[in-house]
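All remarks here apply to the structure that follows.
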Amino acid sequence: MTEHALEIARAVDGFVAALFVVFGLGVIVTRQMLGTLYLFVLHALALSASASVLAFAYASPHLGWVALITFSTKAVAVPLVLRWAAGSEIYQRREVDQVLTIPVSLLIAAGLALVAWVAANPLLQAIPDRPFAGINLPTGLMSMFFGAFTVVVRREGVAQLMGLLIMESGAFFASISIVSNLSVIAEVAAAVDVPIASLVIGLLIRNIHRVTGTTRVGALAVLRERH
Amino acid sequence: MDLALILIAPGIAALMALASSRIAPWATLAATLIALGLALTSALRVARGAVLSAAQGGLSLDALGALYLLLVAFVGVTAAVYSMGYLHARMAEHTEVPPRYRQYYPLFNIFLVTMLAVPLVSNLAVVWIAIELTTIFSAFLVAYEDSAEALEAAWKYVALTSMGAIIALLGVLILYYGVTRAGQPVTWPGLIAAAPALEPAVLLVAFVLWLIGFGAKAGLVPLHTWLPDAHSQAPASICALLSGVETSAALYMLLRIYPALAANPGIARPALWYLIAGLLTVGVAAFLLLQVHDFKRLFAYSTIEHMGIILTACGLGAALHQLGTVYQFFAHAFAKSFCFYAAGLATVVFGTQEIAAVRGLISRAPPVGWAFIIGAIAIAGAPPFALFISEFEILRTGFGAGEYFATGLLVAFIGLAFVAILYHAGRITFGEPEEASQKVRLPGASLAALAIAFAPLFVFGFYLPPPLAVLLHRAAALLGGTG
């Protein structure tokens with residue numbers, strides 16, 4: 001690949017990374033359950049787009065598979081599986097339950113973004129041969145932090161699941177810039193893993209709703225240790 | 001082919017259990033026995049010095065893998081036998097069949113497949129997937145009772161350990177980059193071969209991500225909070241698997257990366273990470289053991305303590321040998337499964353897990369009462385049981401290596417845990433029952449499982465069959481010790 005083409009690819013990847021961050025932030029602050037799901041799909045599409053750019057830049061068929069698998073599992077299969085497993089009435093309801101207010105959440109998210117940038121630095125210095133790592137590694141870490149933060153501040157089961165999936169997308173967003181040759185068996189297994197996990201967690205949410213009358217998993221506190 | 005069959009047998013049993021719940025217990029028992037038989041023959045070959053491989057290198061087995069494989073297969077058999085009696089005894093308390101009964105055996109078998117896959121698959125990314133799937137397939141086993149409490153426990157279990165798994169995933173992929181760049185396959189031997197040439201930052205970042213990620217699954221403090229909840233709610237047979245071998249799967253990963261850290265000249269004193277994480281876990285668990293109110297939670301906190309001891313042992317053994325680490329890893333599986341089997345039967349006897357509501361277990365149901373107190377003595381690390389030998393070896397190694405402060409702290413925490421466990425177990429087992437004694441019919445299959453689980457716990461305290469001793473030494477040598 002020529003230097004000019006690499007520059008263009010980096011610019012496109014940078015733009016996709018910015019969208020990836022924005023969609024991740026959106027999942028933290030959106031109050032609508034369905035909105036959270038749509039943002040997650042957009043987030044997965046951004047991951048798929050970045051993998052496509054990198055597949056082209058590195059001439060890596062493996063990354064092409066990652067792009068395709070991400071699109072088919074996260075953007076298509078997960079929403080369908082969740083609708084079937086959790087039931088439409090669960091994730092179509094308006095979600096207003098959040099531990100922190102939106103401005104406070106955004107402020108913390110900004111801090112997490114900064115921490116991700118700093119935390120990625122030692123690793124970036126150790127892998128100078130990967131031209132996209134400077135974009136993807138800190139962005140992926142940010143998404144992992146955003147996902148973990150979503151799990152912590154959201155009380156709804158579906159929103160927490162979205163947080164987990166965003167973390168997982170973040171891990172892949174970071175790693176596709178340094179690993180362009182994941183074995184086929186690992187790719188296939190990863191493709192199967194995400195829908196299965198979504199199915200099981202979706203079913204768990206439906207059962208929690210059936211037994212407790214709510215999907216506010218953050219409010220479940222029967223098992224706290226007594227003192 | 002043998003290695004593949006170990007996975008295929010419970011896989012077929014899962015399909016049979018899906019087809020018919022009547023044959024499910026027997027199919028499960030047959031599959032676990034086949035898996036144990038094959039694991040035993042494979043382990044014997046490994047003990048003789050072979051490194052087994054199958055499926056064009058997709059599956060492989062070395063000494064540490066063989067040891068873990070044996071543990072999973074053995075606890076799998078005892079859990080299958082125990083389930084045959086325990087589930088029916090629990091069902092007798094309800095007016096109708098629990099909604100999850102039909103799902104129990106298919107999930108049990110798939111859960112077993114994922115755990116058996118951990119030591120067998122060669123590619124590290126696939127090992128990660130196997131560990132992640134252990135959580136996914138055991139979630140509804142934890143939620144078996146279908147109560148609000150059981151579902152809450154299952155949710156916490158899935159949420160926290162899945163978060164951990166995703167963090168560990170990034171570590172796996174970073175290692176993937178480093179190992180392939182060094183021109184090695186992404187397997188355990190490939191990692192060790194690549195380790196000296198890896199950038200220290202790459203290896204260290206991957207390890208820290210593993211420590212956090214797999215640490216959550218292993219119940220290391222402060223990521224342990226799911227563990228007592230899940231163990232207090234899951235059926236005792238599932239607790240035996242979760243506690244005896246599933247948490248160990250995550251610890252297996254942390255142990256296996258240690259030789260790679262030690263082989264990298266740019267990483268100063270990697271053992272310190274193990275000592276700090278291990279001692280923090282043992283210390284917190286020892287204090288938590290003092291204030292438990294539920295006897296299944298008592299054993300759960302003891303599991304956290306044991307995970308911490310194994311990690312500390314790895315740090316202490318760095319300078320000399322890792323025999324104590326491997327022996328503790330090995331003995332923990334037998335002791336903890338035995339304890340949960342006894343706890344499950346105590347629940348059948350009293351209908352509660354509240355320590356305050358339970359007295360005179362020995363008077364009420366002597367086999368269960370004796371098993372309970374023997375199990376408590378064993379996990380506390382008293383002689384003549386296998387955990388006494390392993391903990392003694394760990395402390396001997398620690399003092400021998402000149403790690404006086406860390407070993408002294410470990411002695412103090414083990415002592416505290418010893419007092420706490422025996423205090424609670426004594427209250428439960430001795431004395432007179434508060435209610436008028438009512439004859440309780442104990443399930444024969446569960447008592448049989450208790451007896452089977454007791455044999456290695458007792459025998460390995462004073463005698464190790466020579467092939468097993470060789471396997472332990474070979475496994476210890478793989479962790480960087482002299483064996």
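Side notes on the structure shown:
- Of the DSSP H helices in chain B, those whose Cα atoms cover at least 30 Å axially and whose Kyte score averages -0.5 or more: B:24-47, B:63-91, B:148-181, B:295-317, B:323-350, B:404-429
- For B:Gln322, nonlocal amide neighbours, meaning residues 5 or more places apart or on other chains whose placed amide H falls under 5 Å from its own, are B:Gly481, B:Thr482, B:Gly483.
- Dipole moment magnitude, nearest 20 debye, the protein assembly as shown about Cα centre, only Lys, Arg, Asp, Glu C-beta charged: 580
- Amide H contacts under 5 Å for B:Leu52, placed H, 5+ residues apart: B:Leu61
- Once the mean of 1/r is taken over each pair of separate Cα atoms and inverted, the protein assembly as shown shows a Kirkwood hydrodynamic radius of 25.7 Å.
- When each of B:Glu354, B:Glu152, B:Glu305 is scored by the number of other beta-carbon atoms lying within 10 Å, the sequence from fewest to most is B:Glu354, B:Glu152, B:Glu305.
- Helix axis angle, A:61-70 relative to chain A longest principal axis, alpha carbon, degrees: 20
- Computed across chain B, the Kirkwood hydrodynamic radius from all distinct Cα-Cα pairs reaches 22.1 Å.
- Cβ-based exposure ranking for B:Trp226, A:Trp84, B:Trp188, A:Trp65, in which fewest neighbours within 10 Å come first: A:Trp84, A:Trp65, B:Trp188, B:Trp226
- Only lysine pairs 8 or more places apart or on separate chains count here, and in the protein assembly as shown those with Cα atoms under 18 Å apart total 4.
- In whole percents, the pair-distance distribution calculated for chain A from its alpha-carbon pairs, binned every 5 Å from zero, is 1, 7, 15, 18, 18, 15, 11, 7, 4, 2, 1, 0, 0, 0.
- The angle separating the long axis of helix A:3-29 from the principal Cα axis of greatest extent in chain A is about 10 degrees.
- Among B:Val470, B:Val158, sorting on how many other beta-carbon atoms sit within 10 Å of each Cβ, with the fewest leading, yields B:Val470, B:Val158.
- Cα-based Rg and Dmax for segment B:68-138, where Dmax is the largest Cα-Cα distance (Å): 14.6, 48
- Close amide-amide hydrogen proximity is noted between B:Asp294 and B:Ile355, each under 5 Å apart and 5 or more residues distant or on a separate chain (H modeled in the peptide plane; Pro and chain starts excluded).
- Within the listed set A:Ala49, A:Ala75, A:Ala11, the Gaussian network model of chain A (springs between alpha-carbon atoms below 10 Å) gives the highest mean-square fluctuation for A:Ala11.
Values quoted throughout were computed directly from the atomic coordinates according to the rules given, and no laboratory measurement underlies them. Treat the numbers as computed from the prediction; the structure is a model and nothing was measured. Backbone-built Cβ (ideal geometry, glycine too); neighbour counts: all protein chains shown.
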